[in-house]
1. Write down the accessible area per residue of the stretch 11-57 in Å², having rolled a 1.4 Å probe over the full set of protein chains.
2. What is the distance, in nm, between label points placed 7 Å from the Cα along the Cα-to-Cβ direction at residue 24 and at residue 45?
3. Rounded to a whole number, what % of the accessible area of the stretch 14-60 do carbon and sulfur atoms account for, probe 1.4 Å?
4. Please list, by residue number, everything in the stretch 46-74 whose backbone N is under 11 Å from a paramagnetic label point 7 Å out along Cα→Cβ of residue 16.
5. Please give the length that would be gained between residue 69 and residue 53 if that part of the chain were fully extended, namely 0.36 nm times their separation in residues minus their C-alpha to C-alpha distance (nm, one decimal).
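The values are calculated or read from the model by the stated rules, or taken from the named source; none is laboratory data. All of these numbers come straight from a predicted model, not from anything done at the bench. Reconstructed Cβ throughout: ideal geometry from the backbone, glycine too, with neighbour counts over all protein chains shown. Note: areas computed on protein heavy atoms with side chains; ligands, DNA, RNA excluded. Shrake-Rupley method; radii C 1.70, N 1.55, O 1.52, S 1.80 Å.
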Amino acid sequence: MPPNYKMVPSSAEEPRCDLQRYRKTIGQLLFVSTCTTPDIAHAVSSPARVTDSASKEHERILMYLLRYLAESKDKALHFDCQDAAVLICFVDASFASHETDVPT
């Protein structure tokens, strides 16, 4: 997703996209993010929240994700399992930045 993009449900005036195709694409991207490409998990979960009111703008974000996957298909993580591996990871997450998820 573009940096600092906030995914909000569309208003009634915005043009709707083909919801069946949108939902099918979301399902396929969720499968890919779960099974093969976890780096897109957050980017896919945001448009998945608005499946009932998806607009052309939301569909444009899905196309952005599909282009990212097409351009990065030759990149991968490789682990050498000869020694005992220790995986260290850091996460910087702020759930308070999602205005639609924060209880009021």
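1. Here the per-residue accessible area is 61 Å².
2. Each label point is offset 7 Å from its Cα along the Cβ direction, giving 2.7 nm.
3. 55
4. Only 52-55 pass the distance filter.
5. The span from residue 69 to residue 53 would gain 3.3 nm if fully extended.
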